[in-house]
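This report refers to the structure that appears directly beneath it.
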Amino acid sequence: MKKIIGMALCLSMTAMLFTGCSSSGSGGADKKDSSGNNKVGVALPTKELQRWNQDGANIKKELEAAGYEVDLQYAGNDNAQMVSIVENMISGGCKVLVITPIDGDALGSVLKTAKEDGVEVINYDRMITNTDAVSYLATFDNTVVGEKQGEYIVDKLDLENTDQTFNLEIVSGDPGDNNATYFYNGAMSILQPYIDSGKLVVKSGQVSKDDTATANWDTEKAQSRMDAIIASYYADGTNLDAVLCSNDSTALGTANALESSYTGSWPIITGQDCDIANVKNIVKGKQTMSVFKDTRKLAKVTVKMVNSIMKGEEVEVNDTITYDNGAKVIPTYVVDPIAVDQDNYKEILIEGGYYTESGTSWSLWTEGLPALGLSGKELPLGENSMKTALDQGKLIVCSMRPGDFTTSGHYILLYDYDDTGFCVKDPNRVSNSSHTWDYVTLSPQIKNLWAISPTGF
């Protein structure tokens with residue numbers, strides 16, 4: 001165990017704050033079916049993005065509530081690992097696979113095996129390409145996602161009614177993710193005419209999808225690229241008026257770069273997914289909008305597909321034309337996304353039950369800690385960022401959703417980690433502190449998190 005500087009002080013402070021928190025709920029055992037005929041495999045790209053943790057938790061919850069045995073696995077953004085996971089799910093007796101690929105073109109061989117073995121494949125959100133082994137696709141309208149981002153920029157800059165020119169930069173997604181193409185094409189269908197007319201000027205000259213790509217949608221890669229763009233084209237105080245960011249992880253990297261080195265007026269920044277850190281940036285004015293894709297709805301659609309397949313019934317779809325993966329047109333159920341900004345985030349996200357604003361004031365962790373000789377910084381949800389903070393000798397305070405730790409709202413402390421998971425201090429239940437918690441279990445229950453350390457550390 002690593003020595004944690006300021007442990008005693010932080011623990012004392014945290015213990016005081018825990019007083020009055022809701023009592024923890026009991027952890028339930030996984031729902032299993034002994035027949036072995038209802039096993040569903042769910043293979044997702046990575047645990048590093050909040051989006052996929054929420055998707056995994058929602059799908060698993062809905063499938064288990066429907067009586068299925070669920071094998072949920074994350075591939076760590078490694079194509080070889082994804083192939084291995086799918087192979088094991090097939091050999092392990094899964095009757096249906098729900099798969100979001102890392103690289104849409106990397107699963108052809110293993111899915112051929114699935115088809116030969118009679119395993120049905122539901123492609124979840126990110127398209128699997130160049131294989132006829134995919135039975136159905138459940139997805140958001142990803143072209144519309146990009147269109148909404150582009151339209152937002154056009155409306156906010158009032159491009160239809162002005163002769164003024166504005167500076168735009170573009171941060172697109174992972175080049176191996178087919179959805180990144182949909183997002184980019186949707187946005188550029190709106191923005192390209194204004195680039196062509198000169199109303200929008202991309203000073204970096206980086207416009208194409210390849211030139212603006214962000215490998216693995218990585219926040220740090222987006223930040224590094226934006227750092228370079230600012231240094232080269234905006235260091236003299238030139239205003240950057242808008243940044244088209246394809247998703248929230250790239251938007252977060254963009255905002256971090258702007259905070260570090262940009263001196264002009266704050267630009268419009270788009271995003272997608274409504275991750276917690278980004279919604280709070282929207283509230284603070286550091287991000288302008290995000291496109292909300294309600295993964296609860298997509299999980300329900302996916303479970304309905306699984307149910308229909310298992311029962312031998314017709315699977316409900318609403319698009320049999322659009323989604324050609326290069327080998328076949330995939331029958332698809334499409335869910336519409338929603339643009340979210342300061343004007344409607346409470347209605348869509350809070351009143352809609354996706355997030356809550358209840359509990360101890362979040363500002364305590366950043367504004368109140370200096371009085372105790374401590375400093376606190378919000379962390380993005382991500383296994384690597386959490387481990388890095390702990391490696392630096394910091395503690396992590398987590399505000400928790402209902403789950404293993406609470407029935408309504410509660411704080412826990414993360415103080416270390418090892419190969420099995422994170423070490424927890426839970427003042428409500430000693431048993432929760434007696435073992436480590438793996439990231440897959442822990443992350444969907446975390447609402448917010450802060451790295452805490454002595455001031456100046």
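The values are calculated or read from the model by the stated rules, or taken from the named source; none is laboratory data. Remember, it's a predicted structure, so these values are computed and weren't measured experimentally. Because the Cβ atoms are built from the backbone with ideal geometry, glycine has one as well, and the counts that use them run over all protein chains shown.
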Sort through LEU374, LEU390, LEU369 and tell me the only one that's modelled with pLDDT of 90 or more and in contact with a strand residue (DSSP E or B) (Cβ under 7 Å, 6 or more places away or on another chain).
LEU390
Could you say which residue among LEU244, LEU252, LEU240 is under 20 Å from ASP211 (Cα atoms) and in a loop (DSSP other than H, G, I, E, B)?
LEU240
For THR436, state whether it is touching a Phe, Trp or Tyr at 6+ places or on another chain (Cβ under 8 Å) and without any contact (Cβ under 8 Å) to a residue 24 or more places away in the chain.
yes
If we scan the stretch 413-422, do we find a residue that is surrounded by 22 or more Cβ atoms within 10 Å (Cβ to Cβ) and at pLDDT below 90?
no
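Based on what the data block shows, is SER308 in a helix (DSSP H, G or I), in contact with an Asp or Glu (Cβ under 9 Å, 6 or more places away or on another chain), over 23 Å from ILE102 (Cα atoms) and not assigned by TED's automatic domain parsing to the domain that holds GLY150? Give the steps one after another, and end with the answer.
Values: in a helix (DSSP H, G or I): yes; in contact with an Asp or Glu (Cβ under 9 Å, 6 or more places away or on another chain): yes; over 23 Å from ILE102 (Cα atoms): yes; not assigned by TED's automatic domain parsing to the domain that holds GLY150: yes.
In short, yes.
Answer yes or no: is there a residue in the stretch 215-222 that is charged (D, E, K, R), touching a helix residue (DSSP H, G or I) at 6+ places or on another chain (Cβ under 8 Å), part of a helix (DSSP H, G or I) and over 17 Å from ASP341 (Cα atoms). Can you show your working first?
We begin by selecting, within the stretch 215-222, every residue charged (D, E, K, R); these are 218, 220-221.
Those left that are additionally touching a helix residue (DSSP H, G or I) at 6+ places or on another chain (Cβ under 8 Å): 218, 220-221.
Now narrow it down to the ones that are part of a helix (DSSP H, G or I): 220-221.
Subset that is over 17 Å from ASP341 (Cα atoms): 220-221.
Yes, there is a match, as at least one residue in the stretch 215-222 is charged (D, E, K, R), touching a helix residue (DSSP H, G or I) at 6+ places or on another chain (Cβ under 8 Å), part of a helix (DSSP H, G or I) and over 17 Å from ASP341 (Cα atoms).
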Against the definition (in a helix (DSSP H, G or I) and among the acidic types (Asp, Glu)), how does ASP174 come out, yes or no?
no
Cβ-Cβ under 6 Å pairs, at least 6 apart or on other chains, the stretch 112-136 side without any contact (Cβ under 8 Å) to a residue 40 or more places away in the chain, far side buried (at least 21 other Cβ atoms within 10 Å of the Cβ) and part of a loop (DSSP other than H, G, I, E, B):
LYS112/ALA133; ALA114/ALA133; LYS115/ALA133; VAL121/ALA133; VAL121/VAL134
Taking into account only those residues within the stretch 376-399 that are in contact (Cβ under 8 Å) with a residue 40 or more places away in the chain and of a type in the set (S, T, N, Q), which is nearest to ASP416 (Cα to Cα)?
GLN392
For the stretch 423-435, how many residues are buried (at least 16 other Cβ atoms within 10 Å of the Cβ) and either within 14 Å of GLY382 (Cα to Cα) or modelled with pLDDT of 90 or more (or both)?
6
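For (1) outside the structural domain of ASN53 (by TED's automatic domain parsing); (2) part of a strand (DSSP E or B); (3) out of contact with any strand residue (DSSP E or B) (no Cβ under 7 Å at 6 or more places or on another chain); (4) under 24 Å from GLN54 (Cβ atoms), each residue gets a yes or a no:
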{"site": "TYR417", "(1), (2), (3), (4)": "yes, yes, no, yes"}
{"site": "SER431", "(1), (2), (3), (4)": "yes, no, yes, no"}
{"site": "VAL440", "(1), (2), (3), (4)": "yes, no, no, yes"}
{"site": "ASN448", "(1), (2), (3), (4)": "yes, yes, no, yes"}
In the same structural domain as GLU147 (by TED's automatic domain parsing), at positive phi and surrounded by fewer than 23 Cβ atoms within 10 Å (Cβ to Cβ), is that true of GLY186?
no
Within the stretch 208-236, tally of residues that are more than 22 Å from ASP248 (Cβ to Cβ) and not acidic (Asp, Glu)
6
Does VAL96 qualify as being in the same structural domain as ASN307 (by TED's automatic domain parsing) and in contact (Cβ under 8 Å) with a residue 12 or more places away in the chain?
yes
Checked against (1) assigned by TED's automatic domain parsing to the domain that holds SER189; (2) over 23 Å from the mean Cα position of the chain (by Cα), CYS245 satisfies every condition except (2)
Checked the stretch 60-69 for anything in contact (Cβ under 8 Å) with a residue 40 or more places away in the chain and either of a type outside the set (A, V, I, L, M) or under 21 Å from LEU107 (Cα atoms) (or both); matches are LYS61, GLU62, TYR68
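Here's the yes/no breakdown for (1) crowded, with 22+ Cβ neighbours inside 10 Å; (2) at pLDDT below 95:
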residue: GLY198; (1), (2): no, no
residue: GLY205; (1), (2): no, no
residue: ALA215; (1), (2): no, yes
residue: TYR234; (1), (2): yes, no
